[in-house]
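The values are calculated or read from the model by the stated rules, or taken from the named source; none is laboratory data. None of the values given here were measured: they were computed from a predicted structure. Virtual Cβ from ideal backbone geometry, glycine too; neighbours counted across all protein chains shown.
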């Protein structure tokens with residue numbers, strides 16, 4: 001895209017993988033940072049991430065139950081239960097039992113409200129865009145599989161990270177992408193090395209920023225923001241594309257649109273899963 005700075009590529013035994021999180025891209029706001037969100041890692045399985053979040057959410061709830069506001073609710077229930085225990089007549093017992101039920105309902109409502117506002121959830125999605133033609137090269141080329149992890153709290157998208165596995169990058173004629181090809185793919189088209197703190201950020205950081213921009217409370221709103229930054233002009237710096245859009249033609253067959261498709265469609269899949277779980281609208 002506009003960025004041609006080199007990217008550090010993390011290479012494993014069988015994969016060539018580049019990753020970017022919203023925090024390393026300069027996308028996390030001070031308020032979000034202060035809230036100590038768990039790390040976002042698009043290379044981990046959903047089951048592994050969910051297990052970790054379940055444990056941290058349980059710890060949050062345990063702490064809430066030790067808090068003064070919740071202890072007051074418990075004390076109120078205990079007081080109502082004491083009244084019920086002392087009630088003599090059927091009418092008094094019925095009234096006391098109703099009061100106990102109401103007090104317990106307030107405890108439940110407190111827990112529900114706390115969970116809704118503070119529990120963290122995460123889903124991921126993967127996408128391998130259709131292969132594309134390359135200038136002065138035979139065949140059509142695939143440039144990897146994109147996996148995007150989305151993190152939610154309080155019904156809002158609060159973090160996003162992306163990994164690109166180009167271990168199988170190559171064309172339909174059996175020619176594998178070279179290390180230089182993959183480095184160019186990462187630096188020129190994905191642009192993960194240049195976050196939003198740079199004058200000219202890379203493509204994926206621009207789109208991740210758009211995904212996290214307000215309102216970020218529904219699948220439709222998030223994808224609309226991303227779509228806006230895909231087509232918005234370079235020089236137009238209106239929100240959510242605060243450092244300009246990517247100025248791409250939707251449906252164009254270029255390396256840049258391969259990147260955009262990989263990110264957007266993997267994010268879409270993650271959001272679809274989150275919506276099904278009712279953690280986002």
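Of the residues making up region 101-119, none is in a strand (DSSP E or B) and touching a residue at least 60 places away in the same chain (Cβ under 8 Å). Of the residues 80, 72, the single one that is assigned to a helix (DSSP H, G or I), crowded, with 16+ Cβ neighbours inside 10 Å and over 19 Å from the mean Cα position of the chain (by Cα) is 80. With respect to the conditions (1) in contact (Cβ under 8 Å) with a residue 60 or more places away in the chain; (2) at positive phi; (3) surrounded by fewer than 23 Cβ atoms within 10 Å (Cβ to Cβ), residue 281 lacks only one, and its number is (2).
Evaluation of residue 281 against the conditions (1) outside the structural domain of residue 153 (by TED's automatic domain parsing); (2) assigned to a helix (DSSP H, G or I) shows that the sole unmet condition is (2). Each residue in region 243-277 was checked for being assigned to a loop (DSSP other than H, G, I, E, B) and at pLDDT below 95, and 12 pass.
Would you mind stating whether residue 144 is on the phi > 0 side of the Ramachandran plot, touching a helix residue (DSSP H, G or I) at 6+ places or on another chain (Cβ under 9 Å) and in the same structural domain as residue 39 (by TED's automatic domain parsing)? Don't jump to the end; show me each part of the working.
Numbers: on the phi > 0 side of the Ramachandran plot: yes; touching a helix residue (DSSP H, G or I) at 6+ places or on another chain (Cβ under 9 Å): yes; in the same structural domain as residue 39 (by TED's automatic domain parsing): yes.
So residue 144 passes the test.
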